[in-house]
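What follows is one structure encoded as structure tokens, with my remarks underneath.
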Amino acid sequence: MDVSRRDFMKLAGVAALTTAAGSFGSAKTAEAAPSIKITQAPVIGSKNVTGTKYSGTAAKVYFTKKIDADSLIKIYNMINGEIFGKVAIKLHTGEPHGPNILPREWVKKFQALVPNSNIVETNTLYNAARYGTAGHRETIKTNGWDFCDVDIMDEFGGVDLPTNGGKHLQFVTMGKNMVNYNSMIVLTHFKGHYMGGFGGSLKNIAIGCASGQKGKVQVHQYNTALGMPPANDWVTKVPLEEKFMELMADSGKATCDFFGKRIVFINVMRRMSVDCDCAGTYAAEPTMKDIGILASNDILAIDQACCDLVWSAPDSKDLKERIESRHGLHQLTAMRNLNMGNSQYELISID
């Protein structure tokens, strides 16, 4: 069952994140819970995102309103207990000169403190600057990500990883080099997305780890016999439907299952355009204020928490419309149906 707009409106009525007070309340249940100030430390606010009481466990999602390199490092240290060995930092490096990508200096400072780490990416399915490896490396240089090694994981092909229990896909072809890593940090710029409604941690790995010319075809279910559309024609050639959200969940599960406990998720809610960083300079200017940085070991919990925060924000009309019009909340339902995480979470301030 999908998390409906009505459920989120319940949240909006009792949970508000404001720059002045910084308060975030629990979802309304049969017994109304008091609002909780996230400025206290530590603060744990159990959130029932479906509007009904729950029993059992809740995932931990850490949160800071401070958006800078030091806060990124601080919040990572809350979740990095299982990260070891050769570490992949999965980052959306963006199209040339994209105005909303994460600040390079922040990521540079962060990456320098993660031993034996480097950025990883894959080539695109749409025909633009990052379609081939050579152009992709030029874009990486243009956007300033060449401060460390950047592994374009599908440069030399792909590897089929199983989607255990996947609804549509039995396997997804990921970038071949992904299996060379012991751990993965999914560092995501949370924002809107033309097809998915929003791009959070799921989108970052479901599309971002799939090989450009095979895995991404599987996830998009694109008919290559029709010919590859140019970048600006892409959205008219691919259907927008809930099946896409389910395919993304299948793909994301393959990556999560491969790394097991050795994968963590950080979502930066900054410059949240309705468009993805793949839109480059064509991305719409953000119309809502920045919110903060979230981190978790649970992919469903962190994307759920980000959606809750969007719905709680008074200036999120445009982003909510983008998510609703694409049925983007079905990403959360699809992950829940695949047992990828816990939609019940505690929001824990580190401020």
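Annotations
- Given Lys90/Lys141; Lys261/Lys320; Lys214/Lys320; Lys86/Lys216; Lys176/Lys203; Lys176/Lys261, the pairs whose alpha carbons are separated by over 27 Å: Lys261/Lys320; Lys214/Lys320
- Convex hull volume per residue, computed on the Cα atoms of the stretch 155-221, equals 103 Å³.
- Annotation: Cα Rg of the stretch 104-155 relative to the compact-globule expectation 2.2 N^0.38 Å equals 1.17.
- Amide proton proximity set for Phe171, modelled H, under 5 Å, gap of 5+: Thr163
- Interchain or long-range residues, amide H under 5 Å from Ile89's placed H: Asn118, Ile119, Val120, Ile185
Bear in mind that the values in this text are calculations on the coordinates, not laboratory data. Keep in mind that what you see is a predicted model, and the values were worked out from it rather than measured.
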